[in-house]
1. Could I have the simple spin-label model distance between ARG21 and GLU370, label points 7 Å from Cα toward Cβ, reported in nm to one decimal?
2. Kirkwood Rh, Cα Rg: Rg to Rh for the range 236-379?
3. Mind listing the phi-derived Karplus ³J(HN,Hα) values for the range 185-191, rounded to whole Hz, using 6.51, -1.76 and 1.60 with θ = phi - 60°, and x for any glycine or proline?
4. Quick one: what are the phi-derived ³J(HN,Hα) couplings along the range 341-357, Karplus 6.51/-1.76/1.60 with θ = phi - 60°, whole Hz, x for glycine and proline?
5. Name the residue farthest towards the positive end of the dipole of the range 211-294 from the options LEU247, GLN276, PRO223, assuming +1 on Cβ of Lys and Arg, -1 on Cβ of Asp and Glu, about the Cα centre.
6. What lysines sit close enough to LYS38 to cross-link, taking a C-alpha to C-alpha distance under 24 Å and skipping anything fewer than 8 places away on the same chain?
7. Pick out, from VAL324, ALA46, SER126, the residue whose Cα sits farthest towards the positive end of the charge dipole of the chain, with +1 on the Cβ of Lys and Arg and -1 on the Cβ of Asp and Glu.
8. Can you tell which of SER210, SER335, SER107 shows the greatest fluctuation in a Gaussian network model of the chain with Cα springs below 10 Å?
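Only the coordinates and a few stated rules stand behind these numbers; no lab work does. Because the structure is predicted, anything quoted here is derived from the model rather than measured. Glycine also receives a Cβ, built like all others from the backbone with ideal geometry; neighbour counts cover every protein chain displayed.
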Amino acid sequence: MTLPSPFMTPEREAFRRDMARFIDSEIKPNIEQWEADKGVPWELHAAIGAFGVFGFGIDEKYGGLGFEDAFMRHDFNELLFGCGASGVAAAVGGRAISISPIAKFASEEFKTTVLPEILAGRMMSSLGITEPGAGSDVANITTKAERKGGKWILNGEKTYITGGMDAEWFVIGARTGGPGLAGISLFLVPHDAPGFSRTPLGGKMGWHCSQQATLHMDDCELPESALLGPENKGFIAIMNNFNFERLSLTSGSLGMMKVCYESALDWARERKTFGQRLIEHQVIAHKFAEMSAKIDLNEAYIERICWAINQGLMPVAELAKAKVQATKSLEFVASEAMQVFGGASYMVGNPVERVWREIKIMAIGGGSEEIMRDLAVRQMGLAGQ
Ligand SMILES: Cc1cc2nc3c(=O)[nH]c(=O)nc-3n(C[C@H](O)[C@H](O)[C@H](O)COP(=O)(O)OP(=O)(O)OC[C@H]3O[C@@H](n4cnc5c(N)ncnc54)[C@H](O)[C@@H]3O)c2cc1C
């Protein structure tokens, strides 16, 4: 946006500048290799962890930043998803959605020994909620946890789990009570627990440098202390997580829109057809007016939401609506950018080609568009709560 933001601060500006410089020098030149390797190097986790970006809202004694700042969460995700391969953000940032239940409910010993390693990017953790039989419908997860002889025994499967092949620790949702959301608890599961195994998921259309796994729990044995937070209250514990995940995917979609806009604009200023540069054809120029309007609107909405979060509010409906607007706008902007590139957009290596393949994971992951609209309607009190 060319207009100045009332929410910009010198601290944010400095953070964005440092992050952008790091992405330009350490990430962008390596993207093609990492996509081909189907993974990012382990050192990248620690290098990004050193920015403190996994420690928002977490006490400094556990390795966190000691403060919450939704704007900086937004800045980080916009820039990292906007690096040109949003899979980099998934590969490294996948841990983010498992951190808050650990910070809130794990034992003091775990929080002083393992949590700082996760926040620093020296260890990986993942969140396992989705199952082969239940994704959007979290209330119907069937992975079961039973108390037996002073231990918890887990049985079930989780799938699509980001970072699942690398993680040393998992936050797993399992059924401990009756049907529905009120019967779900969270467990902290080490990768080497007896009865726990994992298999990598096969080919994906995008996010090539980020791996997903299926987790198998066959009489997986855990100590009593593995229960995270109150029994049967696991859904409440992860709800806040989902909100921050939605903020990150919304900000990330904005970053991806900017990749499309900027690369298409460069092309339109160079490419000549019918004796004129593309940008001089009114039909093409109008595409940029529309694309930049979408970018501005999304940016303004996200900043307003970040402001609300920093005021101590959690605008659940707005986050849900913003995520849908962002992914729909991303679809529009990526499509228009591809039209501007013409045939070149269809070639692997074109900056928009990868974004195009990664739109749908933004629109489906972390709460799909359909589910987000439904949530917004309920949160606004327009339909059954
Ligand atoms: C690359 C990738 C990474 C992921 N990472 C993780 C992870 O780290 N941890 C994790 O737990 N999960 C993860 N997921 C899972 C993701 O969150 C789910 O895929 C998502 O929530 C949708 O669930 P589903 O795929 O089971 O679709 P379903 O729930 O089966 O839904 C299918 C379609 O129907 C629509 N739909 C469903 N119910 C309704 C309804 N009531 N009304 C209208 N439409 C409806 C949905 O919007 C969707 O479009 C990941 C998925 C992918 C692809």
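1. 4.7
2. Reported Rg/Rh, Kirkwood definition of Rh: 1.06.
3. My calculation for the range 185-191 gives 10, 10, 10, 9, 10, x, 5 Hz in order.
4. 6, x, x, 4, 5, 8, 8, 4, x, 5, x, 8, 4, 5, 4, 4, 6
5. GLN276
6. Straight-distance partners of LYS38: LYS28, LYS158, LYS204, LYS360.
7. Farthest towards the positive pole: VAL324.
8. Judging by the Gaussian network model, the answer is SER107.
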